[in-house]
4 protein chains.
Amino acid sequence: MDVGFIGLGRMGRAMARRLVEAGHRVRVWNRTPEAARSLEGAEPVARAAEAFSGDAAFTMLADDAALRAVIGQGGLLEGTARPAVHVGLSTISVALAKELTETHARAKIAYVSAPVFGRPDAAAAGALHIVAAGADEAIARVQPLLDAMGTKTWRFGAEPEKANAVKLAGNFMLVSAIEAMGEASAFAEGHGIPGKDVLAMLTSTLFASPVYTNYGAIISEGRFDPPSFTLRLGMKDVRLVLEAGEAASVPMPFASVLRDNLLDAIAHGDADRDFAALTRVATRRSGR
Amino acid sequence: MDVGFIGLGRMGRAMARRLVEAGHRVRVWNRTPEAARSLEGAEPVARAAEAFSGDAAFTMLADDAALRAVIGQGGLLEGTARPAVHVGLSTISVALAKELTETHARAKIAYVSAPVFGRPDAAAAGALHIVAAGADEAIARVQPLLDAMGTKTWRFGAEPEKANAVKLAGNFMLVSAIEAMGEASAFAEGHGIPGKDVLAMLTSTLFASPVYTNYGAIISEGRFDPPSFTLRLGMKDVRLVLEAGEAASVPMPFASVLRDNLLDAIAHGDADRDFAALTRVATRRSGR
Amino acid sequence: MDVGFIGLGRMGRAMARRLVEAGHRVRVWNRTPEAARSLEGAEPVARAAEAFSGDAAFTMLADDAALRAVIGQGGLLEGTARPAVHVGLSTISVALAKELTETHARAKIAYVSAPVFGRPDAAAAGALHIVAAGADEAIARVQPLLDAMGTKTWRFGAEPEKANAVKLAGNFMLVSAIEAMGEASAFAEGHGIPGKDVLAMLTSTLFASPVYTNYGAIISEGRFDPPSFTLRLGMKDVRLVLEAGEAASVPMPFASVLRDNLLDAIAHGDADRDFAALTRVATRRSGR
Amino acid sequence: MDVGFIGLGRMGRAMARRLVEAGHRVRVWNRTPEAARSLEGAEPVARAAEAFSGDAAFTMLADDAALRAVIGQGGLLEGTARPAVHVGLSTISVALAKELTETHARAKIAYVSAPVFGRPDAAAAGALHIVAAGADEAIARVQPLLDAMGTKTWRFGAEPEKANAVKLAGNFMLVSAIEAMGEASAFAEGHGIPGKDVLAMLTSTLFASPVYTNYGAIISEGRFDPPSFTLRLGMKDVRLVLEAGEAASVPMPFASVLRDNLLDAIAHGDADRDFAALTRVATRRSGR
């Protein structure tokens, strides 16, 4: 198929490569053009609008602001060579997903929200978990492309923003797991027990799952630099959770604790470290 | 070996049976004697002191008060036929474990704390994870017995109370996972997405581990009666976490949220349901 | 002096009347024109721009969105008959205050932020406490006008947004006081003591101050309808506090609790009642 | 009247002196006897039991443990010269107050709980607010004595523990006010505004009351040493609030935040400073 891919950060780059490797024609665009030029097998284009065309166009950008900027400044929705389907892979707000649903409908472009779970290594291996929502026929059309990128596509109905809500729910559970490990670890250390011993035990038994095993190791080894995913981005996700929770009148006291602790971490200079550095807050607050 | 077992609740009964099946002579005592009489292959005794003797004696009781009552009223530590090793399997406070360490030392009985992770079905299958701390030689002595009950014994040093601290850390992570699933589920429902669909996805991928899979299903199906472990006991565990955290000056904001939400659940009549009914709080607070 | 006043809600109306009574010429504009027409002694105008002129123009609107709408749609900053000083009385975000400072500087209009503390009865009596920040000369120019509306003007420097931050800090303390009274009251009731007796005692002694006495009575009497200030607006204020706190990396756990409890109240249908109905959350959560 | 007074700390000493000055015969006892000997006009006694006699005996001790120790080790309830009324002035747990009610009933001594609000200077001036509960005739009997110590006695019924619950509710509101000032101050500082300026404004207007004015000044000046009331004792009070709240199934999220922040303060070495040092937590967490 003939596709465009906009946004070649660590995740986007790995995902676009999967499409190339699967034999598709892939036009790529990135804000800083080097990233586009260096992706072997792909076709770099000069303007985002040139990638926003073909059978499907993917966007994988850092946040609402970045996506708005590309779509707005690029005049994507007013372009002439519009894609049949726009697949939004970014972790964006539920509110923006709703807005995009409306603006795409007016522009007569099918819009599918398909945020993904997985870190860059999973993206490189085509082992992401993809959460998709949108019109059935649109998703069916891009399914072969999603299959090149992920192990499985989980469908959540016809309204695109629901996929974004699911993604946020998952990220919330992820950050909660990290905070719980941080507090458990500080608690153990407070009783003279190495936190890493406790995490090693729990994450290899009751909690033996990708999230706990992976982050348990990162926390135990204090492997916060370079970051796989920055704490600043973690803060963004928690903010999106709180905003979407507020829109639906859902109190989320765990999310509130996460927010306060992430701010504490940022105030102490950890914004650009791996977001598992959140666990340093519990340690510091216990006087260690 | 010749062992005693005190406390035949759902967990204790399954564990004592494992010892019987492994060929040990097992004297059993329970506050309500029917439970002791009905355990095939074991030898019911009339007084707790009679079970507190032999190569090793195990205690598996509901809480600090129950354990204190049995030890104190039973005059166990002053008995003549004292056991070589007392293995405390109960989830008790760090403070009581310290106290027992001292009183047993004075009574010249080796004391090992060995609380366990696992629900009754894991106990019946001998598939518990046992967390043990105490003198090396004492643990070595009872290791064959522990092997009959658990998949693995995790050692945490020579001070018994450390095993209790690890157990509390694990239970804290467990209740935190349940709360996180509850909030995520309420969040999803608030956006028109069935909470169970979100939990099914997340607990079979990123969070695929015994705790999440098991409790995710219980929550999704609302399977809170009869309880495997009551919410009231969950509250007890969180209280022990908070108390031990306070003793070590460790702030634990997640544990504080858990406490408040468990009280909310108790105030709404859920004390004797499965402690996963904690998730009803998030649902109720969101007006559903 | 010749002044304009935009926004004649309960507060604005009382404040504009004070200016009329002090002998100033007051042009008034409101989104729904009846409010403007019925203010005796004032001169209703047809477009907001006509009130945005003269020696000073005041704006007293519900939130960021309302203020942006009036300024933007009204083309106020591009008008020809611009006022010497624009005094923003509304409780708006710190971010918007910063933005207005810049846009006014470009438009060569002095901008002063001057949010107020006090309820409609205090506004009617000219007994508000006004928090002002902006250029000294601009404040000096409007001081006689502020004196007509308030008991005292508290100065917080030359950057307008600081006045907004102070206003938010005060509102945060106010909502915190209400929550504390709510929890204390639920606690008392839980012990068989009428909450109102406890509040009567505490608010007439240690806590004898306008905020506690006033809200203590509202809470004790359950006087939530009609609202003096809606819970929905209280939620807006707490959101502004959290956003401004986030911008400055200040964790605010009390504000987080307030947010969750206000959402709980909204989810239970209390959005349009007096914001002291927040205290119903503590009562409800305790099962009463 | 002929009275005994047990416990001559800063508060007790000032209160006992008020009784002496009012012309009563006052036998005094303190754990460290110097305090008893140096109280002019009072009659020091060698054993607590000697002070637990006469028309009324007062106890003013630091906590549950201290009161239990004096009553138990002193064999007070088994003495021969028992007082007509025992007035418990200490801030103790609701649970202990209930227990004392029962043990005193068996010992045929009237028991009145009468904890007080006020700092040592108010005690010295006889300006305390006294919260009393117990049998009407017992309170009537000691009313002249209470009048010598306080401005007013607030009655809360016949069950002594209710007075203790009211005292805890008041202390909870007090610590909440301090936390709110701390967060507001950190918020202001985060926006470049001196926290003390904001507190000066708010505590002299909306919040002008003894608690806010007094503690606002202590916080603004960082006057934490020597302490009037230590943070460690503040932690004790919050623990009693949480325990009593748990007994009545009342979630108290503000109290939970206070607990975590007080632990943070203790972990950072502030246990023996004035409990207003709690506000240092908000400052520290914001990276200042």
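Summary of values
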{"item": "Ascending list, in nanometres, of distances separating the residue A:125 label from those of the other copies (7 Å, Cα toward Cβ)", "result": "2.6, 7.1, 7.2"}
{"item": "Nearby lysines by direct alpha-carbon distance to residue B:162 (threshold 27 angstrom, same-chain neighbours under 8 apart not counted)", "result": "A:196, B:98, B:108, B:152, B:236, D:236"}
{"item": "Distances in nm from residue C:73 to the matching label points in the other copies, shortest first (labels 7 Å along Cα to Cβ)", "result": "3.0, 7.5, 7.6"}
{"item": "Pairwise label distance in nanometres, residue D:152 with residue D:47, each label 7 Å out on the Cα-Cβ vector", "result": "4.3 nm"}
{"item": "Proxy reagent accessibility, fewest Cβ within 10 Å first, across A:185, D:38", "result": "D:38, A:185"}
{"item": "Loop trypsin sites (Lys or Arg not before Pro), the range A:1-88 (other Cβ atoms within 10 Å of the site Cβ: 14 or fewer; DSSP)", "result": "A:47"}
{"item": "Förster radius 35 Å - calculated FRET efficiency between residue D:34 and residue B:247, Cβ distance, rounded to 0.05", "result": "0.60"}
{"item": "Euclidean distance between Cα centres, the range D:57-73 to the range B:69-112, Å", "result": "30 Å"}
{"item": "Reference-scaled alpha-carbon Rg (2.2 N^0.38 Å with N residues) for the range A:85-188", "result": "1.21"}
{"item": "D from B by rotation - nearest chain B beta carbon to the axis, in Å", "result": "B:256, 2"}
{"item": "Taking B:209, A:53 and counting other C-beta atoms within 10 Å, the order from fewest to most", "result": "A:53, B:209"}
{"item": "Cα gyration tensor shape for the protein assembly as shown, rounded if a/c is under 1.5, else prolate or oblate", "result": "oblate"}
{"item": "Neighbour-limited loop hits for trypsin sites (Lys or Arg not before Pro), the range C:87-168 (at most 15 other Cβ within 10 Å; DSSP other than H, G, I, E, B)", "result": "C:108"}
{"item": "The range B:39-84: GluC sites (Glu not before Pro) falling in loop per DSSP and having at most 16 other Cβ within 10 Å", "result": "B:40"}
{"item": "Relative contact order (%) - criterion: Cα under 8 Å, at least six apart; region: the range B:1-155", "result": "20 percent"}
{"item": "P(r), alpha carbons of chain C - 5 Å bins starting at zero, rounded %", "result": "1, 6, 12, 16, 17, 15, 12, 9, 6, 3, 2, 1, 0, 0"}
{"item": "Rg and Dmax of the range A:1-155, Cα atoms only, in Å", "result": "13.7, 37"}
{"item": "Overall form of the range B:5-84 per C-alpha gyration tensor (a/c, 1.5; a/b vs b/c)", "result": "oblate"}
{"item": "Dipole magnitude of the protein assembly as shown, debye to nearest 20 (Cβ charges: Lys/Arg +1, Asp/Glu -1, about Cα centre)", "result": "0 debye"}
{"item": "Protection proxy ranking, peptides B:191-199, B:216-224, average beta carbon neighbours within 10 Å, highest first", "result": "B:191-199, B:216-224"}
{"item": "Position residue B:37, label points 7 Å along Cα→Cβ, spacing to each other copy in nm (shortest first, one decimal)", "result": "6.8, 8.9, 9.1"}
{"item": "Of all DSSP beta bridges in the range B:2-158, antiparallel share, percent nearest 5", "result": "10 percent"}
{"item": "Residue-averaged beta-carbon neighbours from other chains (10 angstrom radius) around D:192-200", "result": "4"}
{"item": "For the range A:155-288, convex hull volume per residue from C-alpha positions, Å³", "result": "117 Å³"}
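All of the numbers you see were taken from the coordinates with simple rules; none came from a lab. Being a predicted model, the structure only gives us computed values, none of them experimental. No Cβ is skipped: glycine too gets one built from the backbone with ideal geometry, and neighbour counts run over all protein chains shown.
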